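Visitor: Handing you this structure, nothing more for now.
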Amino acid sequence: MSAIYKVYVRKKEIIEVIYSMYKRILFLVPYPLHESPSQRFRFEQYFDSLKTQKYSYTVQTFLDKNQWKVFFRRGNIPMKMMIVIKGICKRIIALFKSPMYDFVFIHREAAPVGPPLFEWLLAKVFRRKIIYDFDDAIWLTDRKKESWVLRIAKWRTKVSSICRWSYKVSCGNVYLGDYARSFARKVVYNPTTIDPERVHNPGLYNRLTQETGKITIGWTGSHSTLKYLKHIEPVLSKILNDHSNVEFMVIADQRPTLPSLPSIKFIAWNPVSEIQDLLNIDIGIMPLPDDEWAKGKCGFKALQYMALGLPAVASPVGVNTSIIKDGENGFLCNTPDGWELALKKLIQDPDLRKKMGQHGRATVVQNYSVVSNTSNFLALFE
């Protein structure tokens, strides 16, 4: 028996030595993996790098894939309440497992409703090092007529508290970082990034040439940002009326409602065909209002277009002014006349489209790619 016990102890010691060689990270994230752009392009694409650098990690999502499909649709309140209860139960289990980890990475919030109870327990009771990550001005809202029930449920003041309790705060742009610095000890600028080699690489796909000579202006996004197209609907309507060879395409999870644009080409967003669908675009657009919420945006649409060698036309709001150098790797437009002029230039000049697309892709590779930002991301866990 003593020999068996010695073997057991020895194996346990070896396991503990191997285990101690790895930094352990618990990711507490809201959405199922491979679905949400904010997760895919802020940390999921770094998972391989974590493995190669001797990090081990566990991911716990608040919503699974089936729940994700239900949770953000209107109605079905009883089912949503059950989903929240199940998610909270998972988070309670995570609390008691947290001492096994060196860091707890929280994207946006540990739970989608209520005060930051889990974050407080992790920081103050379980003494975990929290890495808090967000890529929107989530202490604000872009809903003009939000009910008091939803305001209480979202409890947006939690953002400042979580910043205060965190070991480090990871922000997607300078505007978000300036807010976080009012509360946090250490704030890191961690931009939303693109993988221009393995994913957003036009060389990996067959781009069909349009024999009809059509030029496609395109937009991609989710139902929550479709409303921004309203800002340039009159411009798009005029462009389409003046140019019979131009069409407008939307790639989203919901068809847009734009009365003056009856002939919109709509493609339902699909993670499998996402890049191939984007390559049907000749000019990518990113209109935004100049408000506090929009300043928190991290330029993801523009980065996608640029990484694929497509010229981007965007509003000069927030980080867009850092990503795009007007007239060089894209256009920045803040008036209807400016939008119309920029779009006309690109429609009429294929060489300009190609040149701007090349410069845009170079910008992404140098400053907003996974490779260029990997060391910065890994430094969060030091």
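Visitor: Any residue in the range 225-241 that is part of a loop (DSSP other than H, G, I, E, B) and within 23 Å of Trp339 (Cβ to Cβ)?
Guide: no
Visitor: On to the next question. Checking Leu122 against (1) in a strand (DSSP E or B); (2) farther than 25 Å from Ser322 by Cα, which test does it fail?
Guide: (1) is the only condition that Leu122 fails.
Visitor: Next question, about the same structure. Which residues, taken from the range 99-143, are within 22 Å of Ala379 (Cβ to Cβ), hydroxyl-bearing (Ser, Thr, Tyr) and in contact (Cβ under 8 Å) with a residue 60 or more places away in the chain?
Guide: Tyr101
Visitor: Another question about this same structure. In the set Leu346, Leu352, which member is out of contact with any strand residue (DSSP E or B) (no Cβ under 7 Å at 6 or more places or on another chain) and either open to solvent by less than 10 Å² (accessible area, probe 1.4 Å) or part of a helix (DSSP H, G or I) (or both)?
Guide: When all the criteria are applied, what remains is Leu352.
Visitor: Please tell me if Val313 is modelled with pLDDT of 95 or more, assigned to a strand (DSSP E or B), open to solvent by less than 60 Å² (accessible area, probe 1.4 Å) and touching a Cys at 6+ places or on another chain (Cβ under 9 Å).
Guide: yes
Visitor: Which of the helices (runs of 4 or more DSSP H) contained wholly in the range 20-101 include at least 3 residues that are open to solvent by 40 Å² or more (accessible area, probe 1.4 Å) and among the aliphatic types (A, V, I, L, M)?
Guide: Per the criteria, 77-97.
Visitor: Take the residues of the range 276-310 that are polar (S, T, N, Q) and modelled with pLDDT under 95: which is surrounded by the fewest Cβ atoms within 10 Å (Cβ to Cβ)?
Guide: Gln276
Visitor: May I ask you to list pairs of residues, at least six apart or on different chains, whose Cβ atoms are under 8 Å apart, with the first in the range 233-258 being among the polar types (S, T, N, Q) and the second being part of a strand (DSSP E or B) and buried (at least 16 other Cβ atoms within 10 Å of the Cβ)?
Guide: Between residues of the range 233-258 that are among the polar types (S, T, N, Q) and residues that are part of a strand (DSSP E or B) and buried (at least 16 other Cβ atoms within 10 Å of the Cβ), the close pairs are Asn245/Ile215.
Visitor: Residue by residue through the range 143-176, note down the ones that are in a loop (DSSP other than H, G, I, E, B) and over 27 Å from Asn373 (Cβ atoms).
Guide: Arg143, Lys144, Lys145, Glu146, Ser147, Trp155, Arg156, Thr157
Visitor: OK, next. With the condition kept exactly as written, say whether any residue in the range 262-276 is out of contact with any Lys or Arg (no Cβ under 9 Å at 6 or more places or on another chain), within 21 Å of Trp339 (Cβ to Cβ) and part of a strand (DSSP E or B).
Guide: Among the residues of the range 262-276, at least one is out of contact with any Lys or Arg (no Cβ under 9 Å at 6 or more places or on another chain), within 21 Å of Trp339 (Cβ to Cβ) and part of a strand (DSSP E or B), which makes the answer yes.
The values are calculated or read from the model by the stated rules, or taken from the named source; none is laboratory data. Because the structure is a prediction, the values reported are computed rather than measured. We place every Cβ from the backbone using ideal geometry, glycine too, and count neighbours over all the protein chains shown. Side chains included, ligands, DNA and RNA excluded: accessible areas come from the protein's heavy atoms. Shrake-Rupley method; radii C 1.70, N 1.55, O 1.52, S 1.80 Å.
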